[in-house]
Amino acid sequence: MRLIFTVLFTLLWVSVSSADITILVNKGPFASIEQGAVAEDQTNFLDADLTDDRACTECFAATELAQFLPKAIDIKKENIKFDASMKMPATGDVFILGSRKTNPLIESLKQTKNAKLENDQSYRICSYEDNGRIITIIEGADRQGTLYGVYEYLNRLGVNFIGLGEKGMVFPTKKTALPSDLAIVENPSYFTRGFWSWYDRKPDKIFFRWMARNKLNFWTTENQPARYLKKLAFKLTAGGHDIHKNYFNPLSEYPFNHPLYQGDEDKPDDPYTVGDNYQGDANNDGMLSYYEAHKEWFGFKFGKRTTYVRDWQGSSYCISNKDAGKEFARRLVEQFVSGDWQYVDVLNFWMLDGDYKQWCACEKCKALGSHTDQIFIAANEVLKQLKQARDAGKVNHRVEISVIAYAASIEPPTKPLPDGYDLENSSITFYPICRCYAHNMGDGSCTGTNQIYVNQLKGWTQGQGRYYKGTLFIGEYYNVSSIMTMPVVYMKSMSADIPWYYNIGARDFQYMHTPTKLWGTWTVNQHLMAKLLWNVKADATKILEDYFTNYYPTTSKTTRKFYEALEFASASIKAIKHSTLDYNLRCRFLKKTSLFPSGHLQYYETHPMLNDGPDVVEIIQAVELAQRHIDQSLLDCSDPIEQQRLLEDWERFDYGKKMYYFLYHMIRLEMFHRADDIVMAKHEFKLLDNYKRQLEQIVEYVDVFCEYKDAYNGFGATQCTKQFEEYEKLYGHE
Ligand SMILES: [Zn+2]
Ligand SMILES: [Zn+2]
């Protein structure tokens, strides 16, 4: 009887304590908050009226809060109500969401007076008791900050979005009461945080939601659901090496009524001078091309002007020709006004790929200065015309032109930027493609690679006499093409580099080719990167401790050892699989050049004072150690969700392990080949062939980042298929 009474009493108490929660948010032009939350297709993110943009994102933020609150707080979902009246309800706990632009209650409360939020993404969270109920204010500087404030609030309650989808979420083991003493203000360290990708790729919304919930905000527009991504407060990007091919191809049709050409009279008047190079329809295809109208606009190569532009290769336009620069810029700005780039916030302003050979080689271009000096002249014209488009109300949001600092234009400028260069709406993105991960970026002992990049970076960011004083965007390479989503672990590297880049002035950060599914061991990289980009002062040790404790609750010790072994195994990834500035393994097979000329990668364990990275035998030992630790975790694991996470880790690790063994046997085969030891070379070939067959079976875990031509299976991903065929001819037969 007494027991029953106690149970009844407890039930009664619970129902009283979990009184209704009301979430107050502005629904803007939408019929309800629930509808506003999914109204991205009814929202115009391109016009100057931001009312609907703000309502869409903030209503979505409200539904996110309502969805996840019951995971942490003792309340039922049906007891959470939305209210768009902007008036305090008489009873119950209250959440006030929004910014000063959307929610008048925020301005009126004394708790939010003197708020200083530095960026649209900044937020203030405060909660207090008021007449026996709890008021929580989540104030964003704008809609971005409101959304991020909600996620921060959920994080503080123990709701964490660590990996992708349901199995990636971590919820508190015990439910608590609403906190009543929060006083948080946060501003982002990096303003842009995310990924740069291209190709026709279709990540699902699980990945995008994971990004938003981790305050990541940078993704591409091409073939993507732009409005959905705008709702999630993303900045969108486009551009790349194919700008010339797509928008200023010498062979494409001249868009004006050329005074000397018949049959184009319906086109707009030609704003350019005719010049001496008019050729008419020289190839008789019935249309006047850019090249036929103005040969002098295009690249000078091998003694003549060329039409050669194929995808990423060819010749840039003639930057010293002012009309060419105007037309190039006009074509690009057209994309922002009414073409492919209407949703683009940051344009990757790249020339064709590779070195100086892809640039116009005429004497006038050479006289302009270095290739970096030249690219600023090209960008300047785009920035000027963009400003005109903004002033005319044709583009209503900020567009940033991010000039590529890479290959021929990686060195800082040698002369002042063009007059009036718009630093407010531009940046440079520094791309250290061959950087080494055995060493942190600032590590002075990496003289063969990272120090070379550091010196270039210093030229861009330090010294009173430098010519560039604008914003620095970093383009990292955690999954550069050749890494092929192998199980590389960057715990130490990110912990040091992300604050290091920040300290030399970087405020924007992306990396190329993120995997968008089946992360396995990549989860730790994605999680740590997101946390550090938001707050470079965050304690990486604590983030990682929490990661292993919460994500692998029953095997945290052995799983951590697995990750640490894997991190050591993957430290030389650039040397063994891609390239550092002083070493590339792949191009040494079947050649006369020395196999191991750099400290970065030797066969036996060696420790030179400079450029020392894990060597081949050390890598294999670490892979074996990692195997033992994950095997132990799988034996000990007693949590079904953790088991799913570990199995995905195992799959990604297994792919990497087979890749390391494939390379190990290819190296040994090459060593026996060089020693003319046919017996041992044939023996190694058999082992190599075995790994080739195993790698061919791995498809799903390779094809996770983009439609890259070599990523069709694990063997393609070795990028050593040609070398394999050669070895097969030599040693593949009895
Ligand atoms: Zn030129
Ligand atoms: Zn190094």
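The values are calculated or read from the model by the stated rules, or taken from the named source; none is laboratory data. On a predicted model such as this, the values are computed, not experimentally measured, just so you know. Glycine also receives a Cβ, built like all others from the backbone with ideal geometry; neighbour counts cover every protein chain displayed.
So the values come out like this:
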| read-out | value |
| --- | --- |
| From F195, F208, residue being part of a helix (DSSP H, G or I), in contact with a helix residue (DSSP H, G or I) (Cβ under 9 Å, 6 or more places away or on another chain) and not charged (D, E, K, R) | F208 |
| Residue match in the range 216-228 (condition: out of contact with any Asp or Glu (no Cβ under 6 Å at 6 or more places or on another chain), outside the structural domain of R54 (by TED's automatic domain parsing), farther than 30 Å from T51 by Cα and not aliphatic (A, V, I, L, M)) | no |
| Subset of the range 211-224 that is part of a loop (DSSP other than H, G, I, E, B) and of a type outside the set (D, E) - its residue that is surrounded by the fewest Cβ atoms within 10 Å (Cβ to Cβ) | N223 |
| Qualifying residues in the range 1-37 (those that are part of a loop (DSSP other than H, G, I, E, B) and more than 21 Å from K101 (Cα to Cα)) - the one modelled with the highest pLDDT | D20 |
| Elements of type helices (runs of 4 or more DSSP H) contained in the range 595-697, each with 2 or more residues being in contact (Cβ under 8 Å) with a residue 40 or more places away in the chain and among the β-branched types (V, I, T) | 616-636, 640-674 |
| Identity of the residue in the range 320-337, within 19 Å of P418 (Cα to Cα) and among the polar types (S, T, N, Q), that ends up nearest to ligand 1 (Cβ to nearest atom) | S320 |
| Matching residues, the range 270-316, being more than 13 Å from ligand 1 (Cβ to nearest atom), of a type in the set (V, I, T) and either in the same structural domain as Q358 (by TED's automatic domain parsing) or in contact (Cβ under 8 Å) with a residue 40 or more places away in the chain (or both) | T273, T307, V309 |
| Test result for E186, at negative phi, among the acidic types (D, E) and within 15 Å of the chain's Cα centre (by Cα) | no |
| Residue that is nearest to E424 (Cα to Cα), among those in the range 297-345 that are charged (D, E, K, R) and buried (at least 19 other Cβ atoms within 10 Å of the Cβ) | D345 |
| Residues within the range 58-67 that are more than 26 Å from the chain's Cα centre (by Cα), surrounded by 21 or more Cβ atoms within 10 Å (Cβ to Cβ) and not aliphatic (A, V, I, L, M), tallied | 1 |
| Hits in the range 260-272 (condition: over 43 Å from the mean Cα position of the chain (by Cα) and either exposed (fewer than 13 other Cβ atoms within 10 Å of the Cβ) or under 20 Å from Y317 (Cβ atoms) (or both)) | L260, Q262, G263, E265, D266 |
| Residue within the range 109-119 that is of a type outside the set (S, T, Y) and crowded, with 22+ Cβ neighbours inside 10 Å present | no |
| Members of the range 21-52 that are surrounded by fewer than 23 Cβ atoms within 10 Å (Cβ to Cβ) and among the charged types (D, E, K, R) | E34, E40, D41, D47, D49, D52 |
| Test: residue in the range 455-476 that is of a type in the set (D, E) and more than 30 Å from F548 (Cα to Cα) | no |
| Hits in the range 73-119 (condition: part of a helix (DSSP H, G or I) and within 37 Å of the chain's Cα centre (by Cα)) | K77, P104, L105, I106, E107, Q111, T112 |
| Out of Y511, Y478, Y547, Y468, sole residue that is among the aromatic types (F, W, Y), within 30 Å of I630 (Cβ to Cβ) and assigned to a loop (DSSP other than H, G, I, E, B) | Y478 |
| Top-ranked residue in the range 445-463 [being within 10 Å of ligand 2 (Cβ to nearest atom) and assigned to a helix (DSSP H, G or I); ranked as nearest to M494 (Cα to Cα)] | N450 |
| The range 317-356, subset more than 30 Å from R227 (Cα to Cα) and free of Cβ contacts under 8 Å to residues at least 40 places away in the same chain, residue farthest from ligand 2 (Cβ to nearest atom) | K322 |
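Condition check ((1) more than 22 Å from Y511 (Cβ to Cβ); (2) without any contact (Cβ under 8 Å) to a residue 24 or more places away in the chain; (3) buried (at least 21 other Cβ atoms within 10 Å of the Cβ); (4) of a type in the set (K, R)) across all residues:
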{"residue": "I377", "(1), (2), (3), (4)": "yes, no, no, no"}
{"residue": "K384", "(1), (2), (3), (4)": "yes, no, no, yes"}
{"residue": "E400", "(1), (2), (3), (4)": "no, no, yes, no"}
{"residue": "A405", "(1), (2), (3), (4)": "no, no, yes, no"}
{"residue": "K415", "(1), (2), (3), (4)": "yes, no, no, yes"}
{"residue": "S427", "(1), (2), (3), (4)": "no, no, yes, no"}
